[in-house]
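Some notes on the structure that comes next.
Nothing in this text is a laboratory measurement; each read-out follows from the coordinates by a stated rule. Here the structure is a predicted model, which is why all the values come from computation and not from measurement. Cβ coordinates were reconstructed from backbone atoms using ideal geometry, including for glycine residues, and neighbour counts include every protein chain displayed.
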Amino acid sequence: MDNQMIDIDEMLANEAQTNIEEGKDKVSLEGVPTEYNISEINADYEYIFSGKAMIERELLHYSSRKTVRMVLVAGPFESGKTTLMVMMYHLFREGLNQKIMFKGSRTMKGFWERSEKLLLNSGNKKPKVDRTPRAAQDLFLNLELTNENGQAQNLIFTDISGELFSDQDFLKDLPDYYLDSKNIILVMDGAAMGDALKRRVTAHEIKIMADNLLKYGIMTKNTNLQVVCTKMDRVIRRNDNTECEQYINKKYKEMKETYGQHVAHMNLQLVSALNLDDEAECKNLERIIEKCMEKDYVQQEIKKTYRRDLNRYFERYGLRE
């Protein structure tokens with residue numbers, strides 16, 4: 001694959017990212033005085049994206065012009081959800097992708113803002129990603145990608161505070177675009193799972209979260225569920241790393257026995273997202289993205305039992321003629 005490294009300085013040079021590919025509308029001249037410059041009035045106008053994480057209104061606008069694939073990223077507080085999403089972007093920024101080509105992103109600044117403290121020039125002794133505010137319930141990050149078969153996908157990753165996925169009041173009132181999710185990444189904190197004093201609580205938090213996703217129709221028979229255990233570099237450095245990995249695999253096996261029959265597909269990924277200098281870690285990240293881009297896992301013989309005729313807001317619109 002040719003070098004796909006993103007020139008971030010060029011991409012961030014502008015104050016806003018303009019959608020230059022979509023259909024353009026002409027400004028009506030009806031009732032406009034003739035003394036105005038007609039050539040200026042008749043100019044095309046386009047929707048401007050800020051480049052930051054999209055809010056719901058921007059997502060609806062974007063999805064009315066492009067087919068999107070939602071990826072719900074769920075996990076407890078500080079489990080590594082935002083870091084995982086940021087490093088998926090940095091995989092392409094550093095040109096370390098092997099199978100998937102980067103096409104663009106409407107949220108370039110959103111990724112960049114979340115990754116500033118990861119960089120060496122941030123001055124931080126340890127890499128850090130700011131936590132997602134609890135009040136933030138409608139932030140979305142976008143990656144436009146093409147797989148090795150030339151098929152394009154617009155992935156939309158949710159960036160929601162981890163505590164909210166254990167909040168039943170929040171889950172009961174989720175917008176309909178979360179229901180019957182085709183792709184869910186359930187993030188498990190590997191560092192906590194490797195700690196004998198924290199592992200039981202961590203495993204219990206993941207179970208509660210999975211139970212809630214199932215209970216409220218977010219995770220269904222149509223869901224491709226990826227359980228991603230993050231921060232594995234901390235596990236590997238432990239003296240009892242073999243025992244820790246065995247415990248993680250044991251808990252995943254228990255999860256698969258409990259939830260495997262309720263989803264279309266389920267798998268485990270062990271990652272250390274920050275280790276992009278490791279070729280194996282780059283492949284792990286790319287494999288997670290690749291799974292999100294695969295065809296729907298819904299089995300034709302299985303009839304949807306939850307909201308069978310569900311019409312999401314962003315599926316109600318079509319491209320303008």
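So here's what we get for this one:
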{"quantity": "Kirkwood Rh, Cα atoms: Rg over Rh of the range 52-297", "calculated": "0.93"}
{"quantity": "Net length gained if the chain between H262 and D169 were fully extended (0.36 nm per residue, minus Cα distance)", "calculated": "31.2 nm"}
{"quantity": "Computed label-point distance, nm, for sites T146 and L179 using a 7 Å Cα→Cβ extension", "calculated": "3.7"}
{"quantity": "Relative exposure of K231, K52, judged by other C-beta atoms within 10 Å (fewest first)", "calculated": "K52, K231"}
{"quantity": "The range 141-219 - charge dipole about Cα centre, Lys and Arg +1 at Cβ, Asp and Glu -1, debye rounded to 20", "calculated": "380"}
{"quantity": "Rg(Cα) / (2.2 N^0.38 Å) computed for the range 223-299, rounded to two decimals", "calculated": "1.21"}
{"quantity": "Spacing of the two label points (7 Å from each Cα toward its C-beta) at N249 and I55, in nm", "calculated": "4.8"}
{"quantity": "Sorted by Cβ density within 10 Å, fewest first, the residues V68, V86", "calculated": "V68, V86"}
{"quantity": "For F92, F77, order by how many other beta-carbon atoms lie within 10 Å, fewest first", "calculated": "F77, F92"}
{"quantity": "Whole-number percent relative contact order across the range 52-297, with pairs defined as alpha carbons under 8 Å at least 6 apart", "calculated": "24"}
